[in-house]
Every structure is written in structure tokens, then in C-alpha cells.
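The values are calculated or read from the model by the stated rules, or taken from the named source; none is laboratory data. All values derive from a computational prediction rather than experimental measurement. No Cβ is skipped: glycine too gets one built from the backbone with ideal geometry, and neighbour counts run over all protein chains shown.
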Amino acid sequence: MPLVHGFDPPERFVTGTVGPPGSRTFFLQARTGARIVSVAVEKQQVAALAERIDELLDEVMTSDLTEAVIPALAPLALDDTAPLEQPIEEEFRAGTMTLSWDPDDERVVIEVFPYTEAAVLAPDQVDQDFEEPEPDEVLLVRIPAGLARAFVKRSAQVLDAGRPSCPFCGEPIDPDGHLCVRANGFRRRDP
């Protein structure tokens, strides 16, 4: 039986980073009272989770099967721009995540499972039967729709706070410079 870090609902559930742009470590962090759980995630996982939460809420909002009031945008009262709670102690690195809507409680349900090497398949193993090992722990967060929209909004802000993109090739520009592939390796200069 895995250790479940459950928050139903948390007082706070956010995405945040530690480190300078270009070397940031991303975290999902849930807190209720003095209990804080921080899970390391990849930038792409944050982007995918936020996008999928937004899509899920849009689907629920337009469904005839639900009577829940789903905000189209994050309520201003739920804006959260504060830094991550300290101390940041990584419980685990995220691997698989699941997302669902609980119509009985009208909550978004997010499960985050640890990354395991055993779950990584080689291309020649794709067609084989595979049983994923039971995880040692899981982060389980159940949040109302307004808090979910606020999570999406903050995640977008955190993702956008990284390195600026090159206007020519779209790649991130490092603080120490950028060799643009569209300029054949030459640095573009302003006139």
C-alpha cells in the first residue's frame, strides 16, 4: 500500500521554481496548515498539467451532465503570486500523473506518482505486456474548480518567467548570449 500525501482540498496548491532562468527546478507544492509536500516536476509536465486542467474544466463547464458552477477564468480572490513555502524538501520526482473530475464533490482530482526506471520502456518493448510496479507513494490533490483555474493561471506565469525566446528561431536566450541557428551561428545585433 503506497504512502498517500492527500490534500482534500489543500489550503494552497501551486507550481513554483527554484533557481535562475535556464537552471530552474520546477515543483508542485501542496499545503494544509504546517504540512507541506513538494514534488519535483519537469517544465513540460507543468505545461501539460495546466493545459489539461484547463481543457477538463472547459469540458465540465459545457457538459449537460453537471450542475457545478465552473468559472471561465481564475477568480481574482484566488490569485497566488507568493513564493513556494519554505523549506522545500522534495518528496519525490514526478513520473506519471492522472487527472479527473469528481462530479459528486465537484472537484478536480490530481494524482502524481513517482518516476521509476522500471516504467521506462525501450522501443522494442512497446508491444510486450507490461505491469507497472506499485508506487511507494503518491500525491493526491482534490481541488475545487476556482482553485484549479488559479493553478492554471499561476502555472502559465511561472512558465513565462523563464528565459526570453529569440524572436527569430524561438529558442531560449541564455543570460550569457544566444547563437541563433536562423542566423547561421552569428549573433544578431540591434541596428
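On the given criteria, is Arg24 touching a residue at least 12 places away in the same chain (Cβ under 8 Å) and either buried (at least 17 other Cβ atoms within 10 Å of the Cβ) or touching a Gly at 6+ places or on another chain (Cβ under 9 Å) (or both)?
For Arg24, the condition - touching a residue at least 12 places away in the same chain (Cβ under 8 Å) and either buried (at least 17 other Cβ atoms within 10 Å of the Cβ) or touching a Gly at 6+ places or on another chain (Cβ under 9 Å) (or both) - is met.
Go through (1) within 14 Å of Arg154 (Cα to Cα); (2) modelled with pLDDT of 90 or more; (3) among the aliphatic types (A, V, I, L, M); (4) part of a loop (DSSP other than H, G, I, E, B) and name the single condition Ala74 misses.
Of the numbered conditions (1) within 14 Å of Arg154 (Cα to Cα); (2) modelled with pLDDT of 90 or more; (3) among the aliphatic types (A, V, I, L, M); (4) part of a loop (DSSP other than H, G, I, E, B), the odd one out for Ala74 is (2).
Here is a list: Leu99, Leu84. Which entry is over 16 Å from Pro9 (Cα atoms), at pLDDT 90 or above, surrounded by 14 or more Cβ atoms within 10 Å (Cβ to Cβ) and hydrophobic (A, V, I, L, M, F, W, C)?
Of Leu99, Leu84, the one residue that is over 16 Å from Pro9 (Cα atoms), at pLDDT 90 or above, surrounded by 14 or more Cβ atoms within 10 Å (Cβ to Cβ) and hydrophobic (A, V, I, L, M, F, W, C) is Leu84.
Before we move on, is Pro135 modelled with pLDDT under 95, in contact with a strand residue (DSSP E or B) (Cβ under 8 Å, 6 or more places away or on another chain) and not basic (Lys, Arg)?
On the way: modelled with pLDDT under 95: yes; in contact with a strand residue (DSSP E or B) (Cβ under 8 Å, 6 or more places away or on another chain): yes; not basic (Lys, Arg): yes.
Criteria met by Pro135.
Output yes when any residue across segment 22-30 is modelled with pLDDT of 95 or more, in a loop (DSSP other than H, G, I, E, B) and over 14 Å from the mean Cα position of the chain (by Cα), and no when none is.
Among the residues of segment 22-30, not one is modelled with pLDDT of 95 or more, in a loop (DSSP other than H, G, I, E, B) and over 14 Å from the mean Cα position of the chain (by Cα), which makes the answer no.
Does at least one position in segment 36-53 carry a residue that is more than 17 Å from the chain's Cα centre (by Cα) and either part of a strand (DSSP E or B) or free of Cβ contacts under 8 Å to residues at least 12 places away in the same chain (or both)? Steps first, please.
Taking segment 36-53 and keeping what is more than 17 Å from the chain's Cα centre (by Cα), we get none.
No, segment 36-53 contains no residue that is more than 17 Å from the chain's Cα centre (by Cα) and either part of a strand (DSSP E or B) or free of Cβ contacts under 8 Å to residues at least 12 places away in the same chain (or both).
What's the total number of residues in segment 102-120 that are at pLDDT below 70 and over 23 Å from the mean Cα position of the chain (by Cα)?
Residues meeting the conditions: 0.
Here's the yes/no breakdown for (1) closer than 27 Å to Glu137 by Cα; (2) assigned to a helix (DSSP H, G or I); (3) more than 18 Å from the chain's Cα centre (by Cα):
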site	(1), (2), (3)
Met1	yes, no, yes
Pro20	no, no, yes
Val60	no, yes, yes
Thr81	no, no, no
